[in-house]
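The values are calculated or read from the model by the stated rules, or taken from the named source; none is laboratory data. These numbers were taken from a predicted model, which means no experiment stands behind them. Note: ideal-geometry Cβ built from the backbone for every residue, glycine included; neighbour counts use all protein chains shown. Surface areas here come from the heavy atoms of the whole protein model, side chains and all, with no ligands, DNA or RNA. Shrake-Rupley method; radii C 1.70, N 1.55, O 1.52, S 1.80 Å.
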Amino acid sequence: VAFRRRLHNENACWQGKPAQAPFASPFGRPWEVGTRMASTRYQFARRIAVGGMAEILLARQQGIAGFEKLVVVKRILEHLREDAEFVQMFLDEARLAASLRHPNVVELYDVHRDANQFYIIMEYLSGEDLRYILHRLRDRDFQVPVEISCRIAADAAAGLHYAHEATDLDGNPLGLIH
């Protein structure tokens, strides 16, 4: 049983397409190019997830000479954008996360401000999320083999352990708790 669908060259779906044209999703479903952050090189494609405080978007980063890359953008929900305390927590999260480098922790690339909105730009990992895989397996009366379940748990624990033990450039504990 294949537990992760391989995606075929996400970046190829945008090659040769005009900026405003529809383009193919990495998941094979067409979607329209969304809005662009004013005066930036990030173009929103679709929402990946939304929580109580922020939403996660798939975006296309564009640069000079045809450079394009898929990234994830985290942005504060509209009703919290004017809350100075929340904005400060969001920026503190970005500052701390930027120092983390581990194979099981998504890398933070940039923090951006656009008018009254703040964005965290992060690494995009292609593939299906665990919730999707588990639902698909359950729908087909399959169970994840114990070996794979243990590997998933061990990798997640390794990333969390790294974050909990992380230090700043001077060796002081960051004190991260997730």
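Computed quantities for the displayed model
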item	result
Selection status of SER126, assigned to a loop (DSSP other than H, G, I, E, B) and either out of contact with any Leu (no Cβ under 7 Å at 6 or more places or on another chain) or surrounded by 12 or more Cβ atoms within 10 Å (Cβ to Cβ) (or both)	yes
Region 101-145, residues that are out of contact with any helix residue (DSSP H, G or I) (no Cβ under 6 Å at 6 or more places or on another chain) and aliphatic (A, V, I, L, M)	VAL106, ALA115, ILE121, MET122, LEU125, LEU130, ILE133, LEU134, LEU137, VAL144
Residue check, ARG151 over 19 Å from ALA45 (Cβ atoms), at pLDDT 95 or above and either open to solvent by less than 40 Å² (accessible area, probe 1.4 Å) or assigned to a helix (DSSP H, G or I) (or both)	yes
TYR132 at pLDDT below 95 and in a helix (DSSP H, G or I)	yes
Search result, residues across region 107-151 that are β-branched (Val, Ile, Thr) and either under 25 Å from GLU78 (Cβ atoms) or without any contact (Cβ under 8 Å) to a residue 40 or more places away in the chain (or both)	VAL111, ILE120, ILE121, VAL146
Which listed residue, of LEU91, LEU137, LEU100, LEU70, is assigned to a strand (DSSP E or B) and within 23 Å of ILE48 (Cβ to Cβ)	LEU70
The one condition in (1) within 27 Å of THR167 (Cα to Cα); (2) at pLDDT below 95; (3) open to solvent by 70 Å² or more (accessible area, probe 1.4 Å) that ALA94 fails to fulfil	(3)
Pick from region 67-87, criterion of a type outside the set (A, V, I, L, M, F, W, C) and in contact (Cβ under 8 Å) with a residue 24 or more places away in the chain, ranking: nearest to PHE118 (Cα to Cα)	ARG75
Check on HIS112, surrounded by 13 or more Cβ atoms within 10 Å (Cβ to Cβ) and in a strand (DSSP E or B)	yes
Matching entry among LEU80, LEU160, LEU100 (being open to solvent by less than 50 Å² (accessible area, probe 1.4 Å), more than 14 Å from the chain's Cα centre (by Cα) and either hydroxyl-bearing (Ser, Thr, Tyr) or more than 22 Å from ARG47 (Cβ to Cβ) (or both))	LEU100
